[in-house]
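Here is the structure we will look at.
The values are calculated or read from the model by the stated rules, or taken from the named source; none is laboratory data. Values in this document were obtained by computation on a predicted structure and should not be read as measured data. No Cβ is skipped: glycine too gets one built from the backbone with ideal geometry, and neighbour counts run over all protein chains shown. All accessible areas refer to the heavy atoms of the entire protein, side chains included, with ligands and DNA or RNA removed. Shrake-Rupley method; radii C 1.70, N 1.55, O 1.52, S 1.80 Å.
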Amino acid sequence: MGTALVYHEDMTATRLLWDDPECEIECPERLTAALDGLRQRGLEERCLCLSACEASEEELGLVHSPEYIALVQKTQTLDKEELHALSKQYDAVYFHPDTFHCARLAAGAALQLVDAVLTGAVHNGLALVRPPGHHSQRAAANGFCVFNNVALAAKHAKQKYGLQSVLYFSWHRYEHGSFWPFLPESDADAVGQGQGQGFTVNLPWNQVGMGNADYLAAFLHVLLPLAFEFDPELVLVSAGFDSAIGDPEGQMQATPECFAHLTQLLQVLAGGRICAVLEGGYHLESLAQSVCMMVQTLLGDPTPPLLGLMVPCQSALESIQSVQTAQTPYWTSLQQNVAPVLSSSTHSPEERSLRLLGESPTCAVAEDSLSTLLDQLCLRPAPPICTAVASTVPGAALCLPPGVLHQEGSVLREETEAWARLHKSRFQDEDLATLGKILCLLDGIMDGQIRNAIATTTALATAATLDVLIQRCLARRAQRVLCVALGQLDRPLDLADDGYDSLAYTSQLCMDR
């Protein structure tokens, strides 16, 4: 299975026929720039290319009213003045004689992509379409959008393949309601109605200039916790790149590389079944580069590094906090009184099915650990100690923030020496003292008394210490251990490669300092 690219050149036909500074940015060059970028990087030829087909009127009726579909169909026969008059009845919309054909192709491309992914023809894919769809309503065009492509895809997946609930997540420029479309239901406290309460998640950005750190923070602290708990069967992405750097509409600062990381994070959901559908993005170079980064990641290429300071701004943190507050009543993963842990019986070696996503060990481990979270979740009180630090350098003075425990405890010297026996040449006396303290911290974590811990060791003893810690985890019936190494690290030679014989699936992520 690979990655699908669904496209049709006819979707470049519709264009603005009169002067309108607001609408002129939605132009055919958006598609040609993105497609040219894919071709120049050799990405198009690596995809399964599917020619988009028009959605039927019956399929459009899954979301839109018959009267609205008929109105858009009528635009095929209108002259320029009539099209202009009709367009002015809507907000930031223009019609063209080819609008109905292009919009049906865009909707049909989204449905084809869902079919390709859910039938197993491909693993994931991108529908490269215009006009976009995410602003359109049941009986009205809105914000460059004619038919709601992703909403149609969701309805199609539910109707044809029996998928159940839908979780809707949106982040958008909001500026406390002062930015278009000025909707109070776009604020964080709009969480859905009736049985859908908690299934609408709005993350409003209240200032422009949000960057990589802000978007990643939103993913890690809102979207992914909810998504893991929701446990989707399919991920539909309204792939709008107006949050990309240089875009005149969004005025945000997310780099193309950021979209690669966001895409990779999504790949741990739904077994990697992702259907991305192009929405906004009006800076042609930034759009093209961002689309390429997304497709590269869907194909399984490594993600490029993110440069610069990775610290979210205060406004982003406030928005994230407001969403967490609004959504906490509906989601266990956001409730602070309990910590989700996998039970000791979770994922026995004979039961688990490890699906590698694009040869990415990061995604493979995360997907294997978390894809069945709802079925395997058990709850226990949060550890009384959040963070503990072991001072392993003699005479070192530690200035620790409030709430961080400075732990001096150690396991018995004899026990430490017994664990270190296999790596005797790597451990000097001071290394043994360090190992004893680290083993004590590890026991605290596995006993549920400590959530996380920090310690240091000498370069000579690092790999040996890692091996001892893994073996101790296994001795305490841990089933998988994820090891993340910053910098170069000699991997313990006797650690099994397949993740089954030793019951430890170890991933080493190396980054140059």
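Descriptive notes on the structure:
- Whole-percent carbon and sulfur share, accessible surface of segment 383-480, 1.4 Å: 58
- Contact order relative to length of segment 383-480, as percent, for alpha carbon pairs under 8 angstrom and 6 or more apart: 37
- Summing charges over all other residues whose Cβ lies under 12 Å from the Cβ of Ser322, with Lys and Arg as +1 and Asp and Glu as -1, gives -3.
- Within segment 36-108, trypsin sites (Lys or Arg not before Pro) in DSSP loop having at most 13 other beta-carbon neighbours inside 10 Å: Lys88
- Spatial separation of Cα centroids for segment 438-456 and segment 98-124, in angstrom: 49
- Long-range amide H partners of Asp242 with built H, under 5 Å: Gly280, Gly281
- Residues Gln159 and Leu17, FRET efficiency given R0 of 45 Å [Cβ-Cβ distance, rounded to 0.05]: 0.80
- Where segment 186-231 is the region considered: accessible area per residue in Å², 1.4 Å probe: 35
- Annotation: extensible slack from Asn452 through Leu482 equals 9.4 nm (criterion: 0.36 nm per residue apart, minus Cα-Cα distance).
- Rolling a 1.4 Å probe across the protein heavy atoms gives segment 383-480 an accessible surface of 56 Å² per residue.
- Stretching Lys88 away from Cys386 to a fully extended chain increases their span by 101.5 nm, per 0.36 nm per residue minus the current alpha-carbon distance.
- The trypsin sites (Lys or Arg not before Pro) of segment 111-208 that meet both conditions, a loop assignment by DSSP and at most 12 other Cβ atoms within 10 Å of the site Cβ, are Arg138.
- Rolling a 1.4 Å probe across the protein heavy atoms gives segment 114-180 an accessible surface of 39 Å² per residue.
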